[in-house]
């Protein structure tokens, strides 16, 4: 469960390292975000210390797709649940296209059934 103020890791090569959630999108008074939800984030740390051109700047406000959470994702089929060791996002632009060109690590298979199918092909693999 991700809410306003949560610090998240970025798992693409857009140049950001950590972001902070500002708002959970998707409805009136929606408080928590889960895997596959859109959120509005602000960049708080960049991946490089040197002055190399990155696609994002510190303090920039962007949209992001939540792809990993520590909270278990329960499946109704058999009682299995999926959880990760970190809370992670992939940064998107205003047209909901990925900012980076690569995604580090695997994504849950639930991403395949959203409108962000391109992220599934950029990742190294899909897990249960």
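The values are calculated or read from the model by the stated rules, or taken from the named source; none is laboratory data. All figures in this text were calculated on a predicted structure; none of them were measured in a lab. All Cβ positions, glycine included, derive from the backbone under ideal geometry; neighbour counts span all protein chains shown.
Among the residues making up the range 56-75, those that are touching a strand residue (DSSP E or B) at 6+ places or on another chain (Cβ under 9 Å), assigned to a loop (DSSP other than H, G, I, E, B) and farther than 13 Å from residue 18 by Cα are 69, 71, 72, 75.
Here is the figure for the range 97-115: residues that are touching a strand residue (DSSP E or B) at 6+ places or on another chain (Cβ under 8 Å), without any contact (Cβ under 8 Å) to a residue 60 or more places away in the chain and closer than 13 Å to residue 36 by Cα total 3. The conditions of being loosely packed, with under 13 Cβ neighbours inside 10 Å and either modelled with pLDDT under 95 or touching a helix residue (DSSP H, G or I) at 6+ places or on another chain (Cβ under 7 Å) (or both) are not met by residue 35. When residue 118 is tested against (1) within 23 Å of residue 4 (Cα to Cα); (2) touching a residue at least 12 places away in the same chain (Cβ under 8 Å), just one condition goes unmet, and that condition is (1).
Residue count for the range 76-109 under the criterion of being outside any strand (DSSP E or B) and either more than 21 Å from residue 25 (Cβ to Cβ) or more than 13 Å from the chain's Cα centre (by Cα) (or both): the result is 17.
Residues in the range 7-40 that are farther than 23 Å from residue 122 by Cβ, in a strand (DSSP E or B) and in contact (Cβ under 8 Å) with a residue 24 or more places away in the chain: 3 in all.
If you scan the range 82-96, which residues turn out to be touching a strand residue (DSSP E or B) at 6+ places or on another chain (Cβ under 9 Å) and exposed (fewer than 11 other Cβ atoms within 10 Å of the Cβ)? Hits for the range 82-96 are 85, 94.
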